[in-house]
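Read through the structure below, which is laid out as structure tokens, and then see the notes.
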Amino acid sequence: MITAREAAKYLLTLDNSGDGDFMSNLKLQKLLYYAQGVHLALHGTPLFPDPIEAWDHGPVCPEVYRAYKQFGGNALPPPPGFKPMSLPQRARNVLNEVHRVFGQFAAWRLREMTHSEPPWKATFREGKRNVRIPTSVLKSYFDTVVTRG
């Protein structure tokens, strides 16, 4: 198992800002949510042990958010000295696929997508912010939407 920060760094190495969009903290948070859900559906275990919480703008991994919050809504820099090949192949495969499928969307589009999905909707309640989304809820939902091939 890897950490959410390692997953985030890996996703930042995949960022292709040439498509007119960039990897902001908001976008990174949504990709981590999708990576966790896809890994749970495909392998039955979490990609990383760090919690994902339901915040105003959708699912957030608090530790990763804090690591990059100083950048605000700007593009996140590539991680210095990070070695992508140090991650297990299975983790890289999931992260590559999530980036391929969901990385094409802008941060605010990903926000809207996650707001319409059961894990965030079932967990986020007005007046009860920053509540952990249970792994079981993520797995139940992603089991219904991830195609195994």
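Here are a few things to note about the model shown:
- Only residues that are surrounded by 11 or more Cβ atoms within 10 Å (Cβ to Cβ) and out of contact with any strand residue (DSSP E or B) (no Cβ under 7 Å at 6 or more places or on another chain) were counted in region 120-138, giving 6.
- Among residues of region 108-134 that are at positive phi, those with a Cβ under 9 angstrom from a residue that is aromatic (Phe, Trp, Tyr), sequence gap 6+ or separate chain, pair up as ASN130/TRP55.
- Residues within region 54-64 that are under 11 Å from the mean Cα position of the chain (by Cα) and on the phi < 0 side of the Ramachandran plot, tallied: 4
- Restricting the first member to region 5-25 and to residues that are under 13 Å from ALA75 (Cβ atoms) and hydroxyl-bearing (Ser, Thr, Tyr), and the second to residues that are in a helix (DSSP H, G or I) and modelled with pLDDT of 75 or more, the beta-carbon pairs closer than 8 Å and six or more apart or on different chains are SER24/PHE71; SER24/ALA107.
- PRO79 surrounded by 14 or more Cβ atoms within 10 Å (Cβ to Cβ), over 16 Å from the mean Cα position of the chain (by Cα) and under 21 Å from THR13 (Cα atoms): yes
- So GLU63, is it out of contact with any helix residue (DSSP H, G or I) (no Cβ under 8 Å at 6 or more places or on another chain) and farther than 16 Å from LEU14 by Cβ: no
- Restricting attention to region 97-107, the residues that are in a helix (DSSP H, G or I) and surrounded by fewer than 15 Cβ atoms within 10 Å (Cβ to Cβ) add up to 2.
- No other residue among PRO59, PRO49 is in contact (Cβ under 8 Å) with a residue 24 or more places away in the chain and either under 18 Å from PHE105 (Cβ atoms) or among the basic types (Lys, Arg) (or both) apart from PRO59.
- Residue, farthest from ASP21 (Cα to Cα), within region 36-90, restricted to residues that are acidic (Asp, Glu) and not in a helix (DSSP H, G or I): ASP50
- Just one residue in the set GLU117, GLU63 is among the acidic types (Asp, Glu) and surrounded by fewer than 16 Cβ atoms within 10 Å (Cβ to Cβ); that residue is GLU63.
The values are calculated or read from the model by the stated rules, or taken from the named source; none is laboratory data. Bear in mind that the values here come from a model prediction, so they are computed numbers and not experimental data. We place every Cβ from the backbone using ideal geometry, glycine too, and count neighbours over all the protein chains shown.
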